[in-house]
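This report concerns only the one structure given below.
The values are calculated or read from the model by the stated rules, or taken from the named source; none is laboratory data. Not measured: the values here are computed from a predicted model. A quick note on method: Cβ atoms are made from the backbone with ideal geometry, for glycine too, and the neighbour counts reach across all protein chains shown. Keep in mind that these areas ignore ligands, DNA and RNA; they rest on the heavy atoms of the full protein, side chains included. Shrake-Rupley method; radii C 1.70, N 1.55, O 1.52, S 1.80 Å.
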Amino acid sequence: MGSKKISSATYKEKIKFAHYLAEGEEIMSVFGIGNRYFWITLISYFLLVIILAVYPRILSQLLGLSVNPFFYLPAAAVGIIGLPYILKLVHLKHKMTYIFTDRRVLVKDGVLSVKLTSAPYDKITHLTVKEDFLKRISYQIGDISIHTAGPTPIETDLIKIQYPMKVKNLLEELIVRERSLLGTLKEDPLVKPL
């Protein structure tokens, strides 16, 4: 876990999201909700439905009983009740994209209709990381809230991201780098420049 690093943006990602950038702006990192969270949740759901669908057949063969159609109700119930949650999970995986550039954080929310939120590094006042115990130990995910200054302060949330503390550290490094370039860095910064 300690050696995991936030990956840099690939060439394909840089091309895909280039139309969101200002002239001369460069993408540093692109990510979405945590892959571990997505795959473990998706696979667990399908395994549970398969096990509940197969267990009546196995039980009937072991005990020599005929299969009653009501034995399949748990599989059908889990399948029907859980399907909207799984569809929401897949939709979330495709709609939420977080882009760190050399100047700002971009949050792309949506697939067909897109809402793009921009938080320039020089306007970010502080970051809040929230890691729930169970999500942290099982999926290694958490949320980051980005608080900005201005006449109408905005809070931007990066939800269900893998390794949130590493993402926060990367974001703080990018903030310090941008502020040192703009000359707005104070004498004793919380985070030292790179």
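Carbon and sulfur atoms: what percent of the 1.4 Å accessible area of the chain do they account for?
On the way: 7740 of 12330 Å².
Carbon with sulfur: 63 percent of the solvent-accessible area.
Please give the per residue accessible area of the range 108-185, computed with a probe of 1.4 Å over protein heavy atoms only, in Å².
That works out to 56 Å² for each residue.
What shape does the range 102-155 take by its C-alpha gyration tensor, where a ≥ b ≥ c are the square roots of the eigenvalues and a/c under 1.5 counts as rounded, a/b above b/c as prolate, and the rest as oblate?
Working: a/c = 2.49, a/b = 1.39, b/c = 1.79.
Oblate.
Could you work out [θ]222 nm for the chain from helices alone, using -39500 (n - 2.57) per DSSP H run of at least four and dividing by all its residues? Round to the nearest 500 deg cm²/dmol.
Values: 5 runs with 83 residues, N = 194.
About -14500 deg cm²/dmol.
Contour minus end-to-end for I154 and L73, with contour as 0.36 nm per residue of separation and end-to-end as the Cα-Cα distance?
Working: separation 81, 0.36 × 81 = 29.16 nm, distance 4.70 nm.
Difference between extended and current length: 24.5 nm.
So what is the diffusion coefficient of the chain in µm² per second by Stokes-Einstein at 10 °C and 1.306 mPa s, using a Kirkwood Rh over Cα pairs? Don't skip to the end; give the middle numbers.
Working: Rh = 19.5 Å.
Rounded to a whole number, D works out at 81 µm²/s.
Before I look further, what does the range 7-97 give for accessible area per residue, probe 1.4 Å, in whole square angstrom?
Working: 6130 Å² over 91 residues.
Normalised by residue count, the accessible surface of the range 7-97 is 67 Å².
Multiply the residue gap between Y20 and L42 by 0.36 nm, knock off their C-alpha separation, and tell me the result in nm, one decimal place. Before the final figure, lay out the partial values.
Numbers: separation 22, 0.36 × 22 = 7.92 nm, distance 3.06 nm.
Taking 0.36 nm per residue and subtracting the Cα distance, the gain is 4.9 nm.
What FRET efficiency comes out for the pair N35/I80, r = Cβ-Cβ distance, R0 = 25 Å, nearest 0.05? Walk me through the numbers before you get to the answer.
Values: r = 27 Å, r/R0 = 1.07.
Once the sixth-power term is evaluated, E becomes 0.40.
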